[in-house]
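Down below is the structure, laid out as structure tokens.
Bear in mind that the values in this text are calculations on the coordinates, not laboratory data. Please read these numbers as outputs of a predicted model, since none were measured by experiment. Positions of Cβ are generated from backbone atoms using ideal geometry, with glycine treated the same way; all protein chains shown enter the neighbour counts.
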Amino acid sequence: MQQQNCEAVFENGVLRPIGNLQLAEGESVKLIVESHSSPKTKRFPKKGLIAQLTDNPIKIEDFQPLTRVEANER
């Protein structure tokens, strides 16, 4: 069996080869998956409405935010 290597992209449930991959009908394939995605961490965006509110929260007179304990009691 001749070995071929190619890169592919997985989009919308379909594996799309990138480059030249030639297979004959009925030929078996061994698929090895290597993920190259970087871990994503949750952060506030640096621009936009959320960033503005995080940097400059709206002050409401006589407003007392709930403590963590009070919020979990509800």
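See the values below:
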item	result
Size of electric dipole in the chain: Cβ of Lys, Arg +1 and of Asp, Glu -1, about Cα centre, debye, nearest 20	280
Shape box of the chain [Cα atoms, principal axes, largest first, Å]	76, 32, 18
Cα-projected label distance for L66 with I18, points at 7 Å along beta-carbon direction, nm	4.7
Among G48, L31, N12 the positive-end extreme of the charge dipole of the chain (Cβ point charges)	G48
Label-point separation, S37 to E73 (7 Å along Cα→Cβ), nm	4.1
